[in-house]
Amino acid sequence: MNGRSISAWLSGERQARLPALVAACEVGRTDTHDALNARVCLWAACLWCFLVTFPTTVVEWAGVPLILASLFGVRRIWCVAWRSLVTPEFVFPALFALWQFVTLLWSADARLGAGQAGACRWLWSIVLLAPVMAHRRALITALALGFLVGNASQLLHALGTHFNIPSITWNRLPGRNSGWWDPVVGGSLLTAALGLHLPAAIAGRGRSFLIALACSAITLVAILATGTRGAILAAAALIVLVAAFALVRCSPRRYIVLRLAVVLALAGVAAILAWPKIGPALKDRIDTGVREVQVALNETDTIANTTTDTGARIAMARWSAASFFSRPVAGVGAGSMRTIFRDHWTRLGVPPAQLFGHSHAHNTYLHILATTGLIGAALALAAMVIGLRNAVRRAANFGSYDAAPFAALLGLLLVGAFDSIHVNSQTAALLTLLLSLSTAWQSPTPPTTTPSKPANPPRAFRGVGE
């Protein structure tokens, strides 16, 4: 391959046949079995998108219907499936996953590393969603509905704690309401959920604007309810970036500014209404975090300032950076960070019984650099840049839900500064799904299911007396 063909492959020009092949999967065959399989695959794909926001156990099994339906219809989808295996949106994540497994050869904990590298197990989503990509908007709708169900679990938890109904609550610390999600993971997922709605809320019109506006307010309150400070910061940055992007892509600009003001005003009203329930605990967490950051930045590593919640994360960030500089090219190996962190705390004098169980850096980018080095970082960077570029291309109408995967992916990458999104099962599954919805090739228009009426034959002239 020469430079020109590589450029064409990266840009998606070499996948120019895929839209027509996807359309052929929908209407190209008249066989009853194929038609039924096409509908089953679509419903199974929507189910996967809907359930990807559920608890981990559900996520692990959510893709089984789509995998089975695709196996039954392999003759129908094969021409699309194998071509999706050589698209840049699949190749770079797959190479990054493969490199993580290679680093197990020098990992300090290969068993843990295999589990973390195994978060790539949802790469099948890129392949099996390609044949139904004509229904991209339906898949996005299913994903958004799944997040609303997660918000409903937060509402149940709030009612359960208020009225003392243990059967509808989850084991959470006081003042932290993340529903069925872990608070940190829930905050990360909800930041992506906010991204799903922001483009339409800021630049949309009509019904999609009203829906997105309401969902954005709900999601912002849900993020605050988790008490996850990193997610709150990432959500604020996401609003700024999406608004700036809308100002560049859409006009008139005063219309965008007005919509942004409406979004913030509605979110503020919702937050004020929810403040008596979530406010005191959130304020305490923010105040505590500020104090811990000040202490951790102004003093050397001691037991006191590396075992607090925020202090530990700052210490782990420094230790991860040191690990990267110790082996910058290939990294220390996937799964090594828990051993490295424990060694540091042991040298500080933390008793073995009190050692923390942190197994990742709580920062996607530092974790990738430390465990996989510059090789892994280059592959991961290529995957994320291509995903964002593709998502922007699919967002020609930025004020619609066509832009939802772009903003959701951007939100997930922003919150990656506070969480290792590629090793946590739920965030890794969502990340893969968003890459699946961000293809280098343009999704075809979904086929119409209403047969067109045949043209009426011209009326024959009848002479007088006929």
Next on the checklist: Treating region 117-240 as a set of equal point scatterers at the Cα positions, no solvent, please give the Debye-formula log₁₀ I(q)/I(0) at q = 0.09, 0.18, 0.20 Å⁻¹.
Outcome noted: -0.30, -1.03, -1.14
Checklist entry - Semi-axes of region 1-108's equivalent ellipsoid from the Cα gyration tensor, sqrt of 5 times each eigenvalue, largest first, rounded to whole Å? => result 28, 24, 11
Item to check | Charged-residue dipole, Cβ positions (Lys, Arg, Asp, Glu), region 63-203 about Cα centre, Debye nearest 20 | outcome: 340 debye
Checklist entry - In a Debye calculation with equal point scatterers on the alpha-carbon sites of the chain and no solvent, what is log10 I(q)/I(0) at q = 0.07, 0.09, 0.12 Å⁻¹? => result -0.40, -0.64, -1.11
Checklist entry - Considering only the other residues whose Cβ falls under 14 Å of the Cβ of Asn177, what net charge follows from Lys and Arg at +1 and Asp and Glu at -1? => result +3
Next on the checklist: Quick check for me: using +1 on Lys/Arg Cβ and -1 on Asp/Glu Cβ, what's the dipole size of the chain about its Cα centre, in debye to the nearest 20?
Outcome noted: 1180 debye
Item to check | Formal net charge of residues neighbouring Ala158 (Cβ-Cβ distance under 12 Å; K, R +1; D, E -1) | outcome: +3
Checklist entry - Once amide H atoms are built 1.01 Å from N in the peptide plane, which residues 5 or more positions from Ala440, or in another chain, come under 5 Å H to H? => result Glu89
Checklist entry - How much solvent-accessible surface does Ile211 expose, in Å² to the nearest 10, with a 1.4 Å probe and all protein chains in place? => result 90 Å²
Item to check | Furthest towards positive pole of dipole, Gly195, Leu348, Trp181, structure part the chain, Cβ charges | outcome: Gly195
Item to check | Dimensions (Å) - region 98-155, Cα atoms, principal axes, largest first | outcome: 44, 36, 10
Next on the checklist: If amide hydrogens are placed 1.01 Å from N in the peptide plane, which non-local residues have theirs closer than 5 Å to the one on Gly331?
Outcome noted: Gly373, Leu374
Checklist entry - For region 234-288, what number results from the quotient of the Cα radius of gyration and 2.2 N^0.38 Å? => result 1.45
Checklist entry - Excluding Pro444 itself, what net charge comes from residues whose Cβ is under 10 Å from its Cβ, given Lys and Arg +1 and Asp and Glu -1? => result 0
Checklist entry - Charges only on Cβ, +1 for Lys and Arg, -1 for Asp and Glu: so what's the dipole of region 50-134 about the Cα centre, in debye to the nearest 20? => result 280 debye
Next on the checklist: Charges on Cβ only, +1 for Lys and Arg, -1 for Asp and Glu, centred on the Cα centroid of region 1-143; of Ser70, Ser5, His33, which one is farthest towards the dipole's positive end?
Outcome noted: Ser5
Checklist outcome for this item: Computed ³J(HN,Hα) along region 107-117: with the Karplus parameters 6.51/-1.76/1.60, θ = phi - 60°, integer Hz and x for glycine or proline, the list is 6, 6, 8, 5, 5, 5, x, 5, x, 6, 5
Checklist outcome for this item: Cα-based Rg/(2.2 N^0.38 Å) for region 184-237, rounded to two decimals, is 1.11
Item to check | Whole-Hz ³J(HN,Hα) from phi, Karplus 6.51 cos²θ - 1.76 cosθ + 1.60, for region 232-237, glycine and proline x | outcome: 5, 5, 5, 5, 4, 5
Item to check | Average projected area [Cα convex hull, region 206-334], square nanometres | outcome: 12.0 nm²
Next on the checklist: Between helix 206-226 and the chain, what is the angle of the helix's C-alpha long axis to the longest principal axis, kept within 0 to 90° and rounded to the nearest 10?
Outcome noted: 20 degrees
Checklist entry - If you line up the Cα atoms of region 292-418 on their principal axes, what length do they span on each, largest first, in Å? => result 57, 31, 26
Next on the checklist: On a 1.4 Å probe surface of the protein chains, which of Asp419, Asp287 comes out largest in accessible area, and what is the full order?
Outcome noted: Asp287, Asp419
Item to check | Of every Cα-Cα pair in region 151-205, the percent that sits beyond 17 Å | outcome: 44 percent
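The values are calculated or read from the model by the stated rules, or taken from the named source; none is laboratory data. All figures in this text were calculated on a predicted structure; none of them were measured in a lab. Note that each Cβ is placed from the backbone with ideal geometry, even for glycine, and that neighbours are counted across all protein chains shown. Heavy atoms of the whole protein, side chains included, go into the accessibility calculation; ligands, DNA and RNA do not. Shrake-Rupley method; radii C 1.70, N 1.55, O 1.52, S 1.80 Å.
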